[in-house]
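No lab work stands behind these numbers, since they all come straight from the coordinates. Everything numeric here is computed off the predicted structure, so don't read it as measured data.
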Amino acid sequence: MEKDFSFIIDLDGVIINSVGFWQELANGYNLDDLSFYDGLKKIDELNKTKLSKKIIKTCIDFYSKEANLCIGVNEFLAKFRAYKKCIYTASPFAKLVLKRFDILDEFVFIQDERKYLKTTQIALKTCMNKLNTNKFILIDDSFKIIDLANKNDIFSVGINCENATINIKNIGELNEKDIKYSWK
C-alpha cells in the first residue's frame, strides 16, 4: 500500500550518533572549533595534503568502526518500514555507515547535500522531487534546517528542536498518530 507521505531524514544526529566526534577531531588535529559543516569545509580546504588524508582516514575509521546508531533508529525503521525514506546529508560517509548497520536498503536514496552547501533549499526540493509523494516530513536536529523547512511549508520533526512541528528526544518516539494529529 502506497503511503501518503515520505521522510527526508538527516544522517548525523538523527540516524548516526556523531555528537562530539567533530569536536574531538578538531582537538586532535589542532583545528579551530569544528561543527559538522565546518569540518567538511576544513577538509576541503586541506584537500590533498597529508593532514587532510589523516583527517579523512580518521573519519572513515569513525564511520566504519566507532559510530553508533542514535537511540530509537531501529524502532523508527520498524514503525515506518512501508514509507519512502531518503537520507539528506553533507556526509560523504553515509553509504559506508548505513551499510555497516545493514540499513542502507531502508532508504530510497541518499541526497548528497555537499553539492548544495550554500543552497540547502535546493537540496530539500531535490529530495522532494525524487521521493515523488504529495507530503513530506523532514527530520533533523538543526534549528536552522527546521526553520528552513517551516518557511517552506514542509512538516518538520525536530530532535530536541523546539521550533519543529513535532519536537522529540529521539527518532524512535515518532509515531503515525502524532504525525496525523499535528498535520496542518
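In angstrom, the C-alpha Rg and Dmax of region 64-184 are 13.9, 41. Residues whose amide H falls under 5 Å from that of Asp141, counting only those 5 or more places apart or on a different chain, are Ile159, with hydrogens built in the peptide plane. Per the Debye calculation on region 133-177 with a single equal scatterer at every Cα and no solvent contribution, log₁₀ I(q)/I(0) for q = 0.19, 0.27 Å⁻¹ amounts to -0.49, -0.92. Strictly over 18 Å apart at the Cα level, which of Lys57/Lys95; Lys135/Lys180; Lys57/Lys85; Lys144/Lys177; Lys95/Lys151 would you flag in this model? Table pairs above 18 Å Cα-Cα are Lys57/Lys85; Lys144/Lys177; Lys95/Lys151.
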